[in-house]
1. GLU60: in contact (Cβ under 8 Å) with a residue 24 or more places away in the chain, surrounded by 10 or more Cβ atoms within 10 Å (Cβ to Cβ) and acidic (Asp, Glu), yes or no?
2. Just need a number here: residues in segment 33-79 that are within 18 Å of GLU94 (Cβ to Cβ) and assigned to a loop (DSSP other than H, G, I, E, B).
3. Give the residues of segment 34-54 that are surrounded by 10 or more Cβ atoms within 10 Å (Cβ to Cβ) and either farther than 18 Å from MET1 by Cβ or among the polar types (S, T, N, Q) (or both), sorted by residue number.
4. On the basis of being of a type outside the set (D, E, K, R) and exposed (fewer than 10 other Cβ atoms within 10 Å of the Cβ), does THR71 make the cut?
5. Against the definition (among the basic types (Lys, Arg), over 29 Å from the mean Cα position of the chain (by Cα) and at pLDDT 90 or above), how does ARG75 come out, yes or no?
6. How about segment 79-98: which of its residues are at pLDDT below 80 and either touching a Gly at 6+ places or on another chain (Cβ under 8 Å) or small (Gly, Ala, Ser) (or both)?
7. Could you grab the pairs with beta carbons closer than 6 Å, sequence gap of 6+ or different chains, first residue in segment 1-14 and at negative phi, second one outside any loop (DSSP other than H, G, I, E, B) and loosely packed, with under 10 Cβ neighbours inside 10 Å?
8. Of the conditions (1) in a loop (DSSP other than H, G, I, E, B); (2) surrounded by fewer than 10 Cβ atoms within 10 Å (Cβ to Cβ), LEU83 satisfies every one except a single condition; which number is it?
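The values are calculated or read from the model by the stated rules, or taken from the named source; none is laboratory data. Just so it is clear, the model here is predicted, and its values are computed rather than measured. Note that we place each Cβ from the backbone using ideal geometry, even for glycine, and neighbour counts take in every protein chain shown.
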Amino acid sequence: MKATVSVSARGGITLPAKLRREAGIGPDQTLIAETTGGGILLRPAVTLPVETYKADRGREFDEAERESSETALRRLRSRSKALTREEILALCDEGRER
């Protein structure tokens with residue numbers, strides 16, 4: 001489908017509803033605009049939420065990871081026989097779950 005659109009004084013454009021439906025563009029969706037040899041291409045952008053943490057929360061993660069590592073090391077050292085690969089992996093998985 002082709003449509004004629006105009007650019008506002010602030011640079012905004014309004015895409016006709018039929019064009020948005022055909023392209024699968026919903027309200028408040030982020031698009032990527034890029035120039036091509038034939039003009040401007042608009043396509044949906046993939047966005048991922050980013051979670052940020054304050055320093056205190058980061059320290060909590062570091063402490064939990066350290067505790068898990070220490071627990072796994074204590075259990076490994078307490079064994080008198082050599083561990084199989086499966087036993088080592090099981091201990092690692094157990095530490096991650098804590």
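1. Considered against the rule, which asks whether it is in contact (Cβ under 8 Å) with a residue 24 or more places away in the chain, surrounded by 10 or more Cβ atoms within 10 Å (Cβ to Cβ) and acidic (Asp, Glu), GLU60 comes out as no.
2. Total meeting the criteria: 2.
3. Across segment 34-54, the qualifying residues are ALA45, TYR53.
4. In short, no.
5. no
6. Hits for segment 79-98 are SER80, ALA82, GLY95.
7. ILE13/VAL7
8. It is condition (2) that LEU83 fails.
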